[in-house]
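Input: a single structure, listed below in structure tokens.
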Amino acid sequence: MAVDIQKLFNEELPAALAKNPDAAKQIGAKYQLNVTGEGGGEWFLDLTDAGPKAEAGNPGSADVTITVSSEDFQKLYENPQANSMQLFFAGKLKVTGNQMLAMKLPKLFQLQGAG
């Protein structure tokens, strides 16, 4: 089932962060997520002690920037562990900044199921 990317970042993730702020802060980084194509957008995720928060836009202060098409984001969201490396090595998942932080991003999506 396809995820509604706009709803995910504008409603569901902010709600999950509000419910699980300590778990979110354990990730400890600022992410810029740019999803291109239909239904995509740009979101800034602050998962540090100053946050946590998820908001639309690109303030330019992220530790790592991840760019992926909306089509490939669906694959990433469905199975982050298996598909993240596959998409990365195929050049479909672009990571700039601290690449090790990108490996922590699946933990963010797991917060939705918690709480």
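The values are calculated or read from the model by the stated rules, or taken from the named source; none is laboratory data. Quantities reported herein were computed from a predicted structural model and do not represent experimental measurements. Backbone-built Cβ (ideal geometry, glycine too); neighbour counts: all protein chains shown.
The figures follow:
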{"read-out": "Region 1-25 residues that are under 15 Å from L105 (Cβ atoms) and free of Cβ contacts under 8 Å to residues at least 60 places away in the same chain, paired with ones that are buried (at least 16 other Cβ atoms within 10 Å of the Cβ) and among the aromatic types (F, W, Y) (beta carbon under 7 Å, 6 or more apart)", "value": "F9/W43"}
{"read-out": "The one condition in (1) in contact (Cβ under 8 Å) with a residue 60 or more places away in the chain; (2) over 26 Å from D22 (Cα atoms); (3) in contact with a strand residue (DSSP E or B) (Cβ under 8 Å, 6 or more places away or on another chain); (4) of a type in the set (S, T, N, Q) that Q74 fails to fulfil", "value": "(3)"}
{"read-out": "Residue match in region 50-67 (condition: at pLDDT 95 or above, of a type outside the set (A, V, I, L, M, F, W, C), in a helix (DSSP H, G or I) and in contact with a Gly (Cβ under 6 Å, 6 or more places away or on another chain))", "value": "no"}
{"read-out": "A23 hydrophobic (A, V, I, L, M, F, W, C) and at pLDDT below 95", "value": "yes"}
{"read-out": "L108 within 23 Å of G39 (Cβ to Cβ), in contact (Cβ under 8 Å) with a residue 60 or more places away in the chain and either surrounded by fewer than 17 Cβ atoms within 10 Å (Cβ to Cβ) or in contact with a strand residue (DSSP E or B) (Cβ under 8 Å, 6 or more places away or on another chain) (or both)", "value": "yes"}
